[in-house]
Amino acid sequence: MDPTLLQNLGLIVAALVTAVILGQIIIPNILLVSFRKRLFDVPDERKVHNALVPRLGGLSFFPVILFCVCCFIGLRLLLGGPLDQLLPPAMTAELLLFTAGLTLLYIVGVADDLIGVRYSKKFVVQLLTALMLPLSGLYINNLYGLFGIHVLSPFIGVPLTLVLVVFITNAINLIDGIDGLASGLSMVALAVFGGLFVWNNWWVYALVAFVSIGVLIPFFSYNVFGNASRGRKIFMGDTGSLMLGYLLSLFTVRYCMYTGDALAEPSGSPVLVAFSVLLVPSLDVIRVVLHRVRNGRNPFLPDKNHIHHKFLAMGFTPRTAMVTILLMSACFCAFNLLTVHWLNNTLVFVIDIVAWTLLNLLFDKKIKQKAGQAL
């Protein structure tokens, strides 16, 4: 086996383990500070939980990811390893500008979790952070035959990229409604992207993806299995969900961008593959917004019509609802990854939409049946 390949894989494993350890150290301290300063997510009619739970778990994500990525790239330099393969010069600007945007989004997320930030201000910040990708040269420039469309001009691709980044960022934020759902869906997406980046030798992006999984593992354990009455439970808050959404939007755009280098291009349809890992949160947001508009409601006002609310209405516990939705997401990923090489891109996309629509109709039928039985 190629020694450089082994070095890169070893680096990623070491960074992932380090991220797990740091997250396991930092999260209990965030809990301690949250209880001392009374920084809680207060229950209301929309919340599933009834106890006072700290919502600052996302504070650990950005510092741990930044530390691990910078530290292990620095160690690679000190040890004299080949850095060009790990961090090609073309990707350096992408990651630096993305980190600048992520820093700004992190600050706004912290402010929102502590004192609240108006949605209009958050939207402006999200748009500014989205601009970091086109500034670095990243934008959606090819749909690879989806709906018969291939090359996109920058005049179409750049605005489309901005919309996509803001959309994905908010999709992860809005799906964060029950324990483990946003972090679980993000880990599924990060694992798929990480594997794809390794396959395509985009090592620095694989490093970021697996380090992100590493910091999510201890958070997931506290979020899902933690006991609120003993002060061992925590939420990620807007800081965490916005950061994860922005990170996944970077991976989506990076994977979808056509470079013209046949050896460096992902096989199949990168657009559909990237879409598959985000299908559940993305289509859920579209469905909820359309439902609100159809009923004459403000599309930005929260309600209880998300996919996890449907599962709860059908009688699922929060944990079984979370596991079922994660399995749904994994099934969509597997289907798209297996069929994208054999079927027409547009046909696969239509099958995804039809399957999602039929599932939601089935869920609505089950909810009505359960409501009728209750009467």
For this session: Answer yes or no as to whether SER249 is within 21 Å of ASN170 (Cβ to Cβ), of a type in the set (Gly, Ala, Ser), in contact with a Ser or Thr (Cβ under 8 Å, 6 or more places away or on another chain) and in a helix (DSSP H, G or I).
Result: yes
Exercise. Which residues, taken from region 320-345, are at pLDDT below 90 and among the β-branched types (Val, Ile, Thr)?
Worked result: THR339, VAL340
Exercise. Which residues, taken from region 102-139, are assigned to a loop (DSSP other than H, G, I, E, B) and open to solvent by less than 30 Å² (accessible area, probe 1.4 Å)?
Worked result: SER136, LEU138
Seminar exercise, completed: Inside region 63-87, the number of residues satisfying the requirement of being within 20 Å of ALA19 (Cβ to Cβ), open to solvent by less than 60 Å² (accessible area, probe 1.4 Å), outside any loop (DSSP other than H, G, I, E, B) and of a type in the set (A, V, I, L, M, F, W, C) is 8
Exercise. Can you pull out the residues in region 143-159 that are buried (at least 17 other Cβ atoms within 10 Å of the Cβ) and at pLDDT 90 or above?
Worked result: LEU152, GLY157, VAL158
Problem set entry | Which numbered condition MET322 misses (of (1) over 22 Å from ILE178 (Cα atoms); (2) in contact (Cβ under 8 Å) with a residue 60 or more places away in the chain; (3) not in a loop (DSSP other than H, G, I, E, B); (4) not acidic (Asp, Glu)) | (1)
Problem set entry | Unmet criterion (only one of (1) open to solvent by 40 Å² or more (accessible area, probe 1.4 Å); (2) small (Gly, Ala, Ser); (3) over 28 Å from ASN345 (Cβ atoms)) for GLY177 | (1)
Exercise. Pairs under 7 Å by beta carbon, first residue closer than 15 Å to GLY177 by Cβ in region 290-308, partner modelled with pLDDT of 80 or more and assigned to a loop (DSSP other than H, G, I, E, B), six or more apart or different chains?
Worked result: HIS306/GLY177; HIS308/GLY177; HIS308/ILE178
For this session: Answer yes or no as to whether LYS304 is of a type in the set (Lys, Arg), in contact with a helix residue (DSSP H, G or I) (Cβ under 9 Å, 6 or more places away or on another chain) and part of a helix (DSSP H, G or I).
Result: no
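The values are calculated or read from the model by the stated rules, or taken from the named source; none is laboratory data. Keep in mind that what you see is a predicted model, and the values were worked out from it rather than measured. With ideal geometry, Cβ positions are generated from the backbone for all residues, glycine too; neighbour counts draw on all protein chains shown. Each accessible area value is taken on the protein alone, full model and side chains, heavy atoms only, with ligands, DNA and RNA left out. Shrake-Rupley method; radii C 1.70, N 1.55, O 1.52, S 1.80 Å.
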